[in-house]
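**Q** Pasting a structure below so you can have a look.
The values are calculated or read from the model by the stated rules, or taken from the named source; none is laboratory data. These numbers were taken from a predicted model, which means no experiment stands behind them. Glycine gets a Cβ as well: all are built from the backbone with ideal geometry, and neighbour counts include every protein chain shown. What goes into the accessible areas is simple: the full protein's heavy atoms, side chains included, and nothing from ligands, DNA or RNA. Shrake-Rupley method; radii C 1.70, N 1.55, O 1.52, S 1.80 Å.
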Amino acid sequence: MTNDGRARWPVVVAAGAGTLVALVAVVLVVNRPPDTPQEEAAPPVASGAADPVAMVVDDGDTVEASGQVIAAPGKPARFCAPAPVPAIGRIDDAPPACSPGIDVTGVDPAKLTGATVVKGVTVGQARLRGTWRAGVLQVTDQGPPVSPTAAEFDDTVPCPTPKGGWKPGGGADHNAMHQYIYEQHPDRFRPLRVAHPDGPPTGVTTGPQPTEVTVVEVVTGDPAKEEQQLRKLFDGNLCVVAAPGRPSIARQEQLREQVTAGLDPLMSDPVNGIWSVGGDDEFTVGLMMLTPKLYDQLRVIGFDLLRPEPWLRPTTQR
């Protein structure tokens with residue numbers, strides 16, 4: 001238990017390698033009531049997310065991550081966070097560098113996975129565990145990197161298979177339906193998505209493609225009546241379902257503008273190490289680590305909707 005009452009428990013780490021020069025991300029976030037000075041209870045957590053409290057890194061914590069390690073003679077080794085790297089301005093034979101990243105002590109360059117030497121600088125991959133102390137990772141355990149967990153996406157078809165089965169393909173033109181939903185009635189619908197009842201595409205993209213079903217979620221109104229109208233505009237495979245209470249296309253747009261004002265300053269400050277934010281109803285924040293200060297700043301925006309995915313995470317229970 002930390003001094004401020006935050007409970008701690010193990011967190012599964014899933015990170016990759018990479019570096020960052022600069023990146024600006026656009027974020028969608030949904031509304032929440034403002035915090036008050038009296039509010040002390042832990043905020044709700046976005047559906048499917050680990051509690052952000054367990055991800056906060058305090059000085060003296062045992063932490064772990066996987067990523068690229070850069071070891072240059074006469075300099076502290078650097079451990080690189082998996083942030084995207086723009087290719088513009090990159091010189092192929094230049095020694096590698098990373099930002100954001102952290103200094104590490106106790107790493108063995110000879111034990112890095114896939115190690116190479118570029119102009120005297122050793123570069124490789126590793127999973128490092130150690131003590132976070134005064135802005136430096138003091139390595140106590142080193143091993144092969146852990147591959148990042150693949151992002152999950154909804155590919156389900158929430159409608160029964162029609163009599164006679166789904167039509168092959170399903171990629172008919174739906175500009176008319178798109179205009180009806182996004183331009184004429186964005187307050188009634190959720191964003192369209194395409195699902196594959198026989199499984200998603202794999203392998204080459206030429207030749208016959210898997211069956212596609214366009215899923216339409218109706219936030220307000222009668223789904224049966226909307227389906228009648230939509231079938232006049234679209235002759236492909238269609239699945240229309242009710243989604244009451246979920247944010248509509250119009251609501252998402254309103255809330256994007258509202259919350260961007262809170263997140264933009266955090267992303268603009270490189271000290272925070274935030275390199276990406278994205279999502280629909282639950283918004284994933286890619287960042288180097290969740291410090292106590294950054295935790296408090298994100299909490300104001302709302303952990304009921306934000307899903308922090310820090311690269312460096314605590315591994316001990318206190």
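**Q** Within the stretch 277-287, identify whether any single residue is among the aliphatic types (A, V, I, L, M) and outside any strand (DSSP E or B), and answer yes or no.
**A** No: the stretch 277-287 contains no residue that is among the aliphatic types (A, V, I, L, M) and outside any strand (DSSP E or B).
**Q** Pairs under 9 Å by beta carbon, first residue open to solvent by 30 Å² or more (accessible area, probe 1.4 Å) in the stretch 267-285, partner in a helix (DSSP H, G or I) and at pLDDT below 90, six or more apart or different chains?
**A** 280/252; 281/252
**Q** State all residues of the stretch 92-129 that are in a loop (DSSP other than H, G, I, E, B) and more than 22 Å from residue 272 (Cβ to Cβ); if no residue qualifies, say none.
**A** If the condition is that a residue be in a loop (DSSP other than H, G, I, E, B) and more than 22 Å from residue 272 (Cβ to Cβ), then 92, 93, 94, 95, 96, 106, 107, 108, 112, 119, 120 are the ones that fit.
**Q** Which is modelled with pLDDT of 90 or more and closer than 30 Å to residue 79 by Cα, of 144, 148?
**A** 144
**Q** OK, next. Can you pull out the residues in the stretch 176-235 that are free of Cβ contacts under 8 Å to residues at least 40 places away in the same chain, within 19 Å of residue 161 (Cβ to Cβ) and in a helix (DSSP H, G or I)?
**A** Across the stretch 176-235, the qualifying residues are 223, 224, 227, 231.
**Q** Right, next: Looking at (1) in contact with a Ser or Thr (Cβ under 8 Å, 6 or more places away or on another chain); (2) modelled with pLDDT of 85 or more, which is the only condition residue 185 fails?
**A** Just one mismatch for residue 185, condition (1).
**Q** So, one more: Pairs only if they're at least six apart or on different chains, beta carbon under 8 angstrom, first in the stretch 130-156 and assigned to a loop (DSSP other than H, G, I, E, B), second open to solvent by 80 Å² or more (accessible area, probe 1.4 Å); list them, first residue then second.
**A** From residues that are assigned to a loop (DSSP other than H, G, I, E, B), the pairs are 134/59.
**Q** Then there's this: Give the number of residues within the stretch 191-243 that are at pLDDT 90 or above, open to solvent by 40 Å² or more (accessible area, probe 1.4 Å) and either among the small types (Gly, Ala, Ser) or touching an Asp or Glu at 6+ places or on another chain (Cβ under 6 Å) (or both).
**A** Summing the residues that are at pLDDT 90 or above, open to solvent by 40 Å² or more (accessible area, probe 1.4 Å) and either among the small types (Gly, Ala, Ser) or touching an Asp or Glu at 6+ places or on another chain (Cβ under 6 Å) (or both) in the stretch 191-243 gives 4.
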